[in-house]
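Participant: Okay, handing you the structure first.
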Amino acid sequence: MAEYLAGLLLLGITAAEDIREKKISVRVVCVFACGAVLYHMLSGNNSFGEMAFGLFPGCLLLMLSALTGESIGYGDGILVLTLGLWTGGWFAFAVTVIGIMLSGIYGTFCLLKRKNDPIPFVPFLLLGMEVLLFYA
């Protein structure tokens, strides 16, 4: 349970930053990443392989970021790497997929309204995590 609370806290803090400043604090993400590694080392409930698999969704998002010319920023990929360290690979993957779908729906409405402002992605990750925790 602590893993999911830490993930929610991480996404909550960075979502507010992403909305306000259109960027994510590297310091916050690094603190949470180090915290995840320490938590798993001290609790002994995850193996190195499980932690490495937790990085997989973030790596996919970083590749997607590179392929799209950073339409989805590198910071979002690094954030999902950290989320995967806390919650595990499958959960972080599901959060990312739901976040992409929700941001796509929002982006469609923005296109119809002819708004070309950058869309912050982290709030959609936060919504995706809440959907998984409360409704799945």
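Participant: Look at region 111-132 and say how many of its residues are at pLDDT below 90 and within 9 Å of V95 (Cβ to Cβ).
Facilitator: 0
Participant: While we're looking at this one, here's another question. Which fully enclosed helices (runs of 4 or more DSSP H) of region 23-136 have 3 or more residues being open to solvent by 30 Å² or more (accessible area, probe 1.4 Å) and farther than 22 Å from A2 by Cα?
Facilitator: Because the criterion is at least 3 residues that are open to solvent by 30 Å² or more (accessible area, probe 1.4 Å) and farther than 22 Å from A2 by Cα, the helices (runs of 4 or more DSSP H) in region 23-136 that meet it are 56-67, 89-112.
Participant: Could you grab the pairs with beta carbons closer than 8 Å, sequence gap of 6+ or different chains, first residue in region 1-30 and over 15 Å from P123 (Cα atoms), second one open to solvent by less than 70 Å² (accessible area, probe 1.4 Å) and among the acidic types (D, E)?
Facilitator: Partner pairs satisfying both residue conditions: V28/E17.
The values are calculated or read from the model by the stated rules, or taken from the named source; none is laboratory data. Nothing here was measured: the structure is a model prediction, and the numbers come from that model. Neighbour counts are summed over all protein chains in view; Cβ atoms, including those assigned to glycine, are modelled from backbone coordinates with ideal geometry. For the accessible areas, the whole protein counts, side chains as well, though only heavy atoms, and no ligand, DNA or RNA atoms are used. Shrake-Rupley method; radii C 1.70, N 1.55, O 1.52, S 1.80 Å.
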